[in-house]
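S.K.: A single structure is presented below for examination.
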Amino acid sequence: MTDILRAMNPAGALATEDAARAAAQVSAIGMVIGAIHTAVGAWYASTPAASEATARVIEEFTGQAPEPAQLASQAQMGLYLAGALVVLQLILAAVQWRKPNVALPILFLVLVVWGLGGSILALVMPMFGGGQPMWLTLFTLVTMLIAAIMHIAGIRGASALGKFRDAQAY
């Protein structure tokens, strides 16, 4: 556990190849955290409370009540899409764990920053939150901040790992 915490430190020294590999693999843990976040969000979106909140937001914007059947089909499609995203995130986490590279942590850091921006926007302007509860917004902020730290460490670790490998080639 202390090795993971040490590898998570985005300002820590990466003096050995093992330390660089551990730091690069931390990004895979950040991807798993992202998958958990997606699963929790999908679970909430499938609840009746989320359907009611979505209906209220749609009614506020359009002035018309949405059809319940249409809301149910959209929620079902969203659940399928979220399930596919969770599987994709877990597959990419396994790839990052087995063969660390710098591309995946950069991609996921961009996505995490986007998610953080959306959550902050939902705090500032609640209509952009889609009626989601405060606990889900806070859950998003916490998980995305942790994932961002892990992806930054992963970028540093993968970069250092590449330098160690290049040095060994000469």
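S.K.: Using the Karplus curve 6.51 cos²θ - 1.76 cosθ + 1.60 with θ = phi - 60°, what ³J(HN,Hα) values do you get for each residue of segment 23-37, in whole Hz, with x for Gly and Pro?
M.R.: Karplus-based 3J(HN,Hα) across segment 23-37 equals 5, 5, 6, 4, 4, 5, 5, x, 5, 5, 4, x, 5, 5, 4 Hz.
S.K.: Given H placed on each backbone N at 1.01 Å, which residues far from N101 in sequence or on other chains put an amide H within less than 5 Å of it?
M.R.: For N101, whose amide H was placed from the backbone, there are no distant partners under 5 Å.
S.K.: Taking the alpha-carbon centroid of each part, what is the distance from segment 18-40 to segment 99-170 in angstrom?
M.R.: 10
S.K.: Rounded to whole Å and sorted largest first, list the principal axis extents of the Cα atoms in the chain.
M.R.: 68, 29, 26
S.K.: Please work out how much length the chain gains when fully extended from R6 to L71, using 0.36 nm per residue of separation minus the C-alpha to C-alpha distance, in nm with one decimal. Walk me through the intermediate numbers first.
M.R.: Numbers: separation 65, 0.36 × 65 = 23.40 nm, distance 4.58 nm.
Between R6 and L71, full extension yields an extra 18.8 nm.
S.K.: Under the rule of -39500 (n - 2.57) per DSSP H run of 4 or more residues, summed and divided by the residues of the chain, what mean residue ellipticity at 222 nm is obtained, to the nearest 500 deg cm²/dmol? The partial results should precede the final answer.
M.R.: Working: 6 runs with 140 residues, N = 170.
Value at 222 nm, helices only: -29000 deg cm²/dmol.
S.K.: Along the charge dipole of the chain, pointing to its positive end and built from +1/-1 on Cβ of Lys, Arg, Asp and Glu, which listed residue (Q96, T38, A72) has its Cα farthest out?
M.R.: Q96
S.K.: Another question, if that's okay. Relative contact order (percent) for segment 100-159, with alpha-carbon contacts under 8 angstrom and 6 or more residues of separation? Walk me through the intermediate numbers first.
M.R.: Working: 45 pairs, mean separation 32.6, N = 60.
So the answer I get is 54 percent.
S.K.: Moving on to the next point. Would you kindly find the accessible area of W135, with a 1.4 Å probe and non-protein molecules such as ligands, DNA and RNA excluded, rounding to the nearest 10 Å²?
M.R.: Result for W135: roughly 120 Å² accessible.
S.K.: Let me ask another. In whole percent, what relative contact order does the chain give with Cα contacts below 8 Å and a gap of six or more residues? It would help to have the intermediate numbers written out before the result.
M.R.: Details: 202 pairs, mean separation 70.7, N = 170.
Over the chain, the number comes to 42 percent.
S.K.: How much of the accessible area of segment 82-170, in percent, comes from carbon and sulfur atoms when a 1.4 Å probe is used?
M.R.: 77
S.K.: Would you kindly calculate the translational diffusion coefficient of segment 73-150, applying Stokes-Einstein with the Kirkwood radius from alpha carbon pairs, for 10 °C and a viscosity of 1.306 mPa s, and quote it in µm² s⁻¹ without decimals?
M.R.: Details: Rh = 14.0 Å.
In µm²/s, the coefficient rounds to 113.
The values are calculated or read from the model by the stated rules, or taken from the named source; none is laboratory data. For clarity, every value in this text was computed on a predicted model and none was experimentally measured. Methodologically, a virtual Cβ is constructed for each residue, glycine included, from the backbone with ideal geometry; neighbour enumeration extends over all protein chains shown. These area figures cover heavy atoms from the full protein model, side chains too; ligands, DNA and RNA do not enter into them. Shrake-Rupley method; radii C 1.70, N 1.55, O 1.52, S 1.80 Å.
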